[in-house]
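Student: Following this message is one structure expressed as structure tokens.
The values are calculated or read from the model by the stated rules, or taken from the named source; none is laboratory data. Treat the numbers as computed from the prediction; the structure is a model and nothing was measured. Cβ atoms come from the backbone with ideal geometry, glycine included; neighbour counts cover every protein chain shown.
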Amino acid sequence: MQKFKRIFLIVLDSLGAGELPDAEKFGDKGAHTLRSVSMSDKLFIPNLRRLGIGNIDGLGFLGTNESPEGAVCKLSERSNGKDSTIGHWEMSGIISPNPLPTFPYGFPAEILDQFSEITGRGVLCNKPYSGTKVIADYGEEHMRTGSLIVYTSADSVFQIAAHEDVVPLEELYTYCRQARGILTGKYGVGRVIARPFTGEPGSFTRTSHRHDFSIEPPALTMLDALKNAGRDVISVGKIQDLFAGRGLTETHSTSGNADGMSVTAKIAGEDFDGLCYVNLVDFDMLYGHRQDADGYAKALSDFDRWLGDFLRVLREDDMLIITADHGCDPSDDSTDHTREYIPLIAFGRKIIPNNTGIRSTFADIAATVCEALGVDYYCEGRSMLGEMTDIRVHLRERAVRAMSDSYSPYSGFRVGAALLCGSGRIYTGCNIENSAYSPSLCAERTAFAKAVSAGERDFTAIAIAGGANSVIEEICPPCGVCRQVMGEFCRPEFEIILAKQDGFELHTLSELLPLGFSL
Ligand code: THU
């Protein structure tokens, strides 16, 4: 069933939410893009805070919010990488066990031999090199011999530079496509890039005819699934490059964040049915790599100001998801990307403000988007839609999470409860045991004690989850004492949600406590 009509998925490129447990393997111990950005006095993000960015696990330094307007979580990267391509692929359903290959010592002879055979031209350079320096150093020889300048960088790229008078543009693009055909499998670089230039020796300059030939995702992504199901799939910014144009029905190139935001606002004024997938690249390209925390903070503040207006134009059936694709801590000791969690904020009239915790893969985004748009798509992600939109599913989840705080050294039986009040607030509780046994508190009564002592008197529902060693084997119905407490404060139709391993069972108080005592 399609629950949402339009989803805006906005990727703030490189806005990491703190090191992943395996960050050290990537040379990124201690990296934390958001924290570094938050140190700048240029950061002013009232709208992101209003939605609840500070409620994300570990982001309390941004200011927690008692009554957030959005649903939040942070997600782990399962893929073995930290670049844009692999990050966007994972959030679109594809987990990559291998990183895209890089060639710090140049490309192997077998690749270059094949390339020369097809193009009939020799190869110059074949090393990591700066794009402007490479034409200054090799341009003249290229003009004399007609050989192509092939170079790479720290990224997974195969770049071909050629003078527009020596190799006409179309011919250069053909060479790129031919290189793309050779560069597969373990040589499958993320991008082959045409780098045409012009001018005289000593004053060569690059032209604006750069063109990227990206590698296609190795399997069906959520974009393919949405397009095949007849939904609109609109890209803004570099999304089209990251997916080699696949799975899209409409594309918009942009010149940077400001352009990307204005194009997105324009699309929001139109009618479509599906996904608008946006990448805002300046955070990464202009500020993260250049170690400019103030610039990064200012760009995020600009986004926040735009966001304030954007939230107002969203419609009843819209969902906005704001997230990132990897980190690029501007204050760590490298200019490179960093292996981090990504933050996620979802907002919409049908979204229940909450926190869906720490997720095990970015692919949870693909699962959520596809379920929300009513499209079947299998991936390893777990949809958050139920938790984000169905209050009972959400309460069950909160009760399950509350189990982890249980103090139950005597029984070893952990219980968690989540109590929903008429005010919309949710109070959780766990069981708290005592060596003298009788002072022990049940999870439900802990939750009621917290709520009542905070002034709450109107209650809608409670979810209860229990099990030995945190494993839910069967439902944990409330004990008689807890039922009596519920009878004190709640109406007969008060809902009692009993968590099962998968899902829940629903009862009312009148069912569980018929003929309760009262004065
Ligand atoms: N317990 C609850 O927290 N709620 C109930 O409704 C039933 C029992 C706890 C109390 C004790 O710590 C443990 O479960 C085993 O009885």
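Student: Scan region 471-481 and give yes if some residue there is within 12 Å of the ligand (Cβ to nearest atom), part of a loop (DSSP other than H, G, I, E, B) and touching a helix residue (DSSP H, G or I) at 6+ places or on another chain (Cβ under 6 Å), otherwise no.
Tutor: yes
Student: From S40, S67, grab the single residue that is polar (S, T, N, Q), more than 19 Å from the chain's Cα centre (by Cα) and surrounded by fewer than 18 Cβ atoms within 10 Å (Cβ to Cβ).
Tutor: Answer to the check: S67.
Student: Right, here's the next one. Enumerate the pairs (first residue in region 452-465 and touching a residue at least 24 places away in the same chain (Cβ under 8 Å); second residue anywhere and assigned to a helix (DSSP H, G or I)) with beta-carbon separation below 6 Å, excluding pairs fewer than 6 apart on the same chain, so at least 6 apart or on different chains.
Tutor: F459/F489; A463/L395; A463/R396; A463/A399; I464/A399; A465/A399; A465/V400; A465/M403
Student: Residues being part of a strand (DSSP E or B), under 24 Å from D83 (Cα atoms) and over 29 Å from the mean Cα position of the chain (by Cα): count how many of those fall in region 171-210.
Tutor: 2
Student: Another question about this same structure. Within region 220-234, does at least one residue satisfy the condition of being without any contact (Cβ under 8 Å) to a residue 60 or more places away in the chain, basic (K, R) and under 30 Å from F272 (Cα atoms)?
Tutor: yes
Student: I'd like to know if region 489-504 contains one or more residues that are within 16 Å of the ligand (Cβ to nearest atom) and either of a type in the set (S, T, Y) or over 27 Å from G386 (Cβ atoms) (or both).
Tutor: yes
Student: Now for a separate question. When you scan region 443-457, how many residues do you find that are crowded, with 23+ Cβ neighbours inside 10 Å and either over 17 Å from L395 (Cα atoms) or not aliphatic (A, V, I, L, M) (or both)?
Tutor: Residues that pass the stated criteria total 3.
Student: Go over the candidates D41, D28, D83 one by one and state the one that is acidic (D, E) and modelled with pLDDT under 95.
Tutor: Residue meeting the stated conditions: D83.
Student: Looking only at region 296-341, which residues are crowded, with 16+ Cβ neighbours inside 10 Å and either touching a Pro at 6+ places or on another chain (Cβ under 8 Å) or part of a strand (DSSP E or B) (or both)?
Tutor: If the condition is that a residue be crowded, with 16+ Cβ neighbours inside 10 Å and either touching a Pro at 6+ places or on another chain (Cβ under 8 Å) or part of a strand (DSSP E or B) (or both), then Y296, D304, D318, M319, L320, I321, I322, T323, A324, G327, T338, E340 are the ones that fit.
Student: Among the residues of region 268-287, is any within 14 Å of F8 (Cα to Cα) and β-branched (V, I, T)?
Tutor: For region 268-287, residues within 14 Å of F8 (Cα to Cα) and β-branched (V, I, T): present.
Student: Please enumerate the residues belonging to region 283-295 that are touching a Pro at 6+ places or on another chain (Cβ under 7 Å), in a helix (DSSP H, G or I) and closer than 15 Å to D41 by Cα.
Tutor: A293, the sole residue that qualifies.
Student: For D336, all conditions in the list (1) touching a residue at least 40 places away in the same chain (Cβ under 8 Å); (2) within 26 Å of P99 (Cα to Cα); (3) within 17 Å of the chain's Cα centre (by Cα) hold save one; what is the number of the exception?
Tutor: In the conditions (1) touching a residue at least 40 places away in the same chain (Cβ under 8 Å); (2) within 26 Å of P99 (Cα to Cα); (3) within 17 Å of the chain's Cα centre (by Cα), D336 misses (3) alone.
Student: Here is a further query. Quick one: is F61 more than 19 Å from D325 (Cα to Cα), part of a helix (DSSP H, G or I), more than 18 Å from the chain's Cα centre (by Cα) and modelled with pLDDT of 95 or more?
Tutor: Yes.
Student: Can you tell which of E90, E69, E19 is among the charged types (D, E, K, R) and touching a His at 6+ places or on another chain (Cβ under 9 Å)?
Tutor: The match here is E19.
Student: Another question about this same structure. So which residues in region 458-488 are crowded, with 19+ Cβ neighbours inside 10 Å and farther than 27 Å from L515 by Cβ?
Tutor: Once the filter is applied, which keeps residues that are crowded, with 19+ Cβ neighbours inside 10 Å and farther than 27 Å from L515 by Cβ, region 458-488 yields A465, G467, I472.
A quick yes/no check of all residues on (1) touching a Ser or Thr at 6+ places or on another chain (Cβ under 9 Å); (2) assigned to a helix (DSSP H, G or I); (3) under 28 Å from S130 (Cα atoms); (4) of a type in the set (F, W, Y):
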site	(1), (2), (3), (4)
M1	no, no, no, no
L15	yes, no, yes, no
E69	no, no, no, no
K82	yes, no, yes, no
T85	yes, yes, yes, no
S96	yes, no, no, no
E110	no, yes, yes, no
